[in-house]
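A short write-up of the structure that comes next.
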Amino acid sequence: MTIEKNIEYGIGKFAITSNRIIISDPGYEEGIWCQATLENVMNGDYVARVIETNPINPKISEITITHSDFLFKKLDFSLTDETIGIDSNTVGIFDNDHFETDRKKINAGSIFGKLPHSVFTHVRNGSYPLATAKQNNKIVALKIILL
């Protein structure tokens, strides 16, 4: 009998300053079809976390970022029409103005990590849905669903 258990890891804080984020495999240049660019994102500090399922055979099942003003508020997430394609076993969430420089700094061997304007995690290659939560028509949280 296998008991599934979820473990949450905090990646840390990072800043969104451009009201726009790019969710992408860091191996891709901006504009490729399998990344998402989201507008109308609330600027400020975001806290990133990953959820790992089944510590015996660990799999990261979700990466979530939440604006620091909404960490302890109930948020309703809705699936977007976006699908994130990964083929380097890494996905990142980047402030638009820092995408080109930050994507080149990511160490592909790391399980997860952060830079001042981005976060990333190691995942299985594939295509994954994206969900967002909004307050006053601004995106204040998002999650990539990895299972």
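When the helices of the chain are scored as -39500 (n - 2.57) per DSSP H run of n ≥ 4 and the total is divided over every residue, the value at 222 nm lands at -500 deg cm²/dmol.
Our summary gives segment 1-120 a relative contact order of 35 percent, counting only alpha carbon pairs under 8 angstrom and 6 or more residues apart. The ASP45 and LYS104 beta-carbon pair, evaluated with R₀ = 25 Å, returns a calculated FRET efficiency of approximately 0.60.
Estimated at 0.36 nm per residue, the fully extended path between ARG124 and GLU8 surpasses their Cα-Cα distance by 40.0 nm.
A simple charge model with +1 on the Cβ of Lys and Arg, -1 on the Cβ of Asp and Glu and nothing else charged puts the dipole of segment 6-145 at about 400 debye relative to its Cα centre. The stretch between LEU79 and ILE32, if pulled fully straight at 0.36 nm per residue, gains 14.9 nm over its current Cα-Cα span. Whole Å is fine, so just give me how far the alpha carbon centre of segment 93-147 lies from that of segment 1-68. Value for the Cα centre distance between the two parts: 4 Å.
Report the calculated FRET efficiency for PHE72 and ASN137 (r = Cβ-Cβ distance, R0 = 25 Å), to the nearest 0.05.
The calculated FRET efficiency here is 0.70.
Taking a ≥ b ≥ c as the square roots of the eigenvalues of the Cα gyration tensor, an a/c ratio below 1.5 marks segment 6-145 as rounded. Shown here for segment 28-86: chymotrypsin sites (Phe, Trp or Tyr not before Pro) in loop regions (DSSP other than H, G, I, E, B) with at most 13 other Cβ atoms within 10 Å, namely TRP33, PHE72.
Remark: the ALA15-ASN54 segment gains 11.0 nm on full extension, using 0.36 nm per residue and subtracting the alpha carbon distance.
In terms of its C-alpha gyration tensor, segment 1-82 has an oblate overall shape, because the principal axis ratio a/c (a ≥ b ≥ c, square roots of the eigenvalues) is not below 1.5 and a/b does not outweigh b/c.
Read the figures in this text as sums done on the coordinates, not as results from a lab. Note that the structure is predicted; figures quoted are calculated from it, not measured. Glycine also receives a Cβ, built like all others from the backbone with ideal geometry; neighbour counts cover every protein chain displayed.
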